[in-house]
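Just so it is clear, none of the values below were taken in a lab; they were calculated from the coordinates. All of these numbers come straight from a predicted model, not from anything done at the bench. Using ideal geometry, Cβ is built from the backbone for each residue, glycine included, and neighbour counts are taken over all protein chains shown.
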Amino acid sequence: MIKITLKGGDAKEFEQGVSLLDIAKDISEGLARVCLAAEMDGKVVDLRTVPETDASVNFLTWDNEEGRSAYRHTASHVLAQAVKRIFPTAKLAIGPAIENGFYYDFEFENPVNASDLEQLEAEMKKIIKEDIAIERFTLSRAEAIKMMEEKGEPYKVELIQDLPEDAELSFYRQGDFCDLCAGPHLMSTGKLKAVKLQYTAGAYWRGDEKNKMLTRIYGTAFPKKSELDAYLEQLEEARKRDHNKLGRELELFTTVDSIGQGLPIMLPKGAKMMQILQRFVEDHEDANGWVRTKTPYMAKSDLYKISGHWDHYQDGMFIFGDEEKDKEVFALRPMTCPFQYQAYLNRMRSYRDLPLRYGETSTLFRNEASGEMHGLIRVRQFTISEGHLMCRPDQLEEEFKNCLEMAIYMLKTLGLYEDVSYRFSQWDPNDSDKYIGTVEQWDEAQNTMAKILDHLEIPYKVGIGEAAFYGPKLDIQIKNVFGKEDTLITIQIDQMLAEKFGMEYVDSDGSKKNPYIIHRTSIGCYERTLALLIEKYAGAFPTWLAPVQVKILPISEHYMDYAEQVEKELSAAGIRVEVDYRNEKIGYKIREAQLEKVPYMLIVGEKEQAENAVAVRSRKEGDKGAMKLNDFLAEIQEEIETKAR
């Protein structure tokens, strides 16, 4: 007999050889119907798993992330089976579940199109209706390679060869289809209910642009058609908010093929918003003890060799020159830290000088892969609110807290705070070549940061392998309208680079010590923040952020002079204002201003001119009627001053 302990602590004995599905059925038929996988002794496994000894078991349903992943991973295999039925010569690559669905990468002889997706989706539904049992089996390394070579699957062979010698090689078979996979999967294809193939994209094999470009087919799956329909409707709304679409329609930015991918041009309205954000950030930083630096956009390779970027980040840099041919090789800066350290090194520092807070609005350059480019969210040249803070060990927690509070203030003011989550990004000790420093240094840095985060009661998830090469960090994460997560703001603790650069301070006892360094951004990358603001507000920005705050609409050409007078008074008061001088009907002008999502429209005609008034239409409140110009000015100024949303 074996003892199975359930999540709530209840335990029950079963005969050896019983599967987890049988255990679920013993508990209740209802549980057996809804559970998709199980967590056994902390590991997510199939329901077909047979416990060999006593175990703790938690059954996973659609309500669990791991349950949804097993469901959608099975859908990816059904897609692959459908592809092999319709396109037998297609080569299989990888097909994981992702947050809102799944994808599978294939090598096709000819490109697939929208009609092919329809055919594949129909075949998937046929496979689901067939309710094919899914079986798991294992093979030796030699047997696995031989099987995949016979099937003509070179990508699978490569994956097997790259696995550790002692790795268990598991496969899943459903009818005539078989795939290398760690699982878990559902018991049969019929457990899937509602599937939808969405679109295709190019994807380099293993994410390396030196490798072959494959075709990635994206899809999603839900246990009910009604849930699938609701998701697709939500996705349609997301497309309407997509900053790539709205940003161009509102004339905030554009891109030009002859300039290059990931190099957006900010049009006047977008540039104005960037200026507003930059002034907001710099004024707040200045008021909180940050001092400005201005450093070069490039440096010799010597600087990056000291910092470690040359050894650990060179692939992400734009480099000029060849070390074997040229006396000096330069690179555009991917971050500002090594430059700001030179300001610290300008003279000897005392413990009384610390904390020393350097802030800079930095233009940075990163050689992102072409497949990673996305509007303003991921670009090759960007502007960031970057800062580096040098402090004593006894100041570290308070200064880290201040950096975090500043970031939270920025996010709350912008209206993005409710959308973020926290990730404690740590190193991967199994891939230590990616990092500088010793195990002891990393343990100390991560333990120090963990204590600070726990003391501040920050609700974080741990991200192994997500640390910078020189230290752990707190990443403030946010998702775009399509659910893709990116880092918006980062706060890092670094105890390694100060020593590498010879940064010291004279302590109270006369000894020389290396300061702790906090790398931080207060609002992150301005371009990414602007993209998220476009999507958050669907282009209808709060008045203080709007590139045009007021649009003046004269009823006819007889009131153009009065419209110009109103414009001058508002402009003199710092209001961003435009006049629609076109000889069009007022209804047309109003509709145009509404499409531009301007916060306020001021309609002026004979009555308004006679009374030095304006007829106010608010984007949020609709028609507010006539107001004295001074009264309107006082109202909008208060709204801007308080940064009301």
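Annotations
- For residue 53 and residue 464, a Förster radius of 30 Å and the Cβ-Cβ distance give a FRET efficiency of 0.60, rounded to the nearest 0.05.
- Paramagnetic reach from residue 130 (point 7 Å along Cα→Cβ, amide N under 20 Å) across region 175-216: 175-181, 185-197
- Helix-derived mean residue ellipticity, 222 nm - over the chain, DSSP H n ≥ 4, -39500 (n - 2.57), to 500: -11000 deg cm²/dmol
- From the C-alpha gyration tensor of region 8-148, square roots of 5λ in Å: 33, 18, 13
- All Cα-Cα distances of region 361-520, cut into 5 Å bins from zero to the largest, leave 2, 8, 15, 19, 21, 17, 11, 5, 2, 1, 0, 0 percent in each bin in turn.
- When only alpha carbons are used to place a centre, region 164-228 and region 609-645 end up 55 Å from one another.
- Residue 288-residue 199 FRET efficiency (beta carbon distance; Förster radius 30 Å; 0.05 resolution): 0.10
- Pair residue 397, residue 188: separation of 7 Å Cα→Cβ label points (nm): 5.9 nm
- Model label points for residue 422 and residue 595, set 7 angstrom from Cα along the Cα-to-Cβ axis, are 4.6 nm apart.
- Kirkwood Rh, angstrom, region 265-536 [1 / mean 1/r, Cα pairs]: 19.4 Å
- Measuring spread by the Cα atoms of region 439-536 yields a radius of gyration and Dmax of 16.5, 56 Å.
- For the chain, the square roots of the Cα gyration tensor eigenvalues, ordered a ≥ b ≥ c, give a/c of at least 1.5 with a/b no greater than b/c, which places it in the oblate category.
- Greater than 23 Å apart at Cα, pairs in 272/300; 551/628; 272/607: 272/300; 272/607
- Which of 511, 497, 375, positive extreme of dipole for the chain (C-beta unit charges): 375
- Between residue 482 and residue 63, the distance separating the two model label sites (each 7 Å from Cα on the Cα→Cβ line) works out to 3.2 nm.
- Size descriptor for region 550-641, Kirkwood hydrodynamic radius: 12.9 Å (Cα pairs only, one decimal).
- Convex hull projection area averaged over all views, region 15-62, Cα basis, nm²: 3.0 nm²
- Across region 274-419 the C-alpha pair distances fall into 5 Å bins from zero in the proportions 2, 8, 15, 17, 18, 17, 13, 6, 3, 1, 0 percent.
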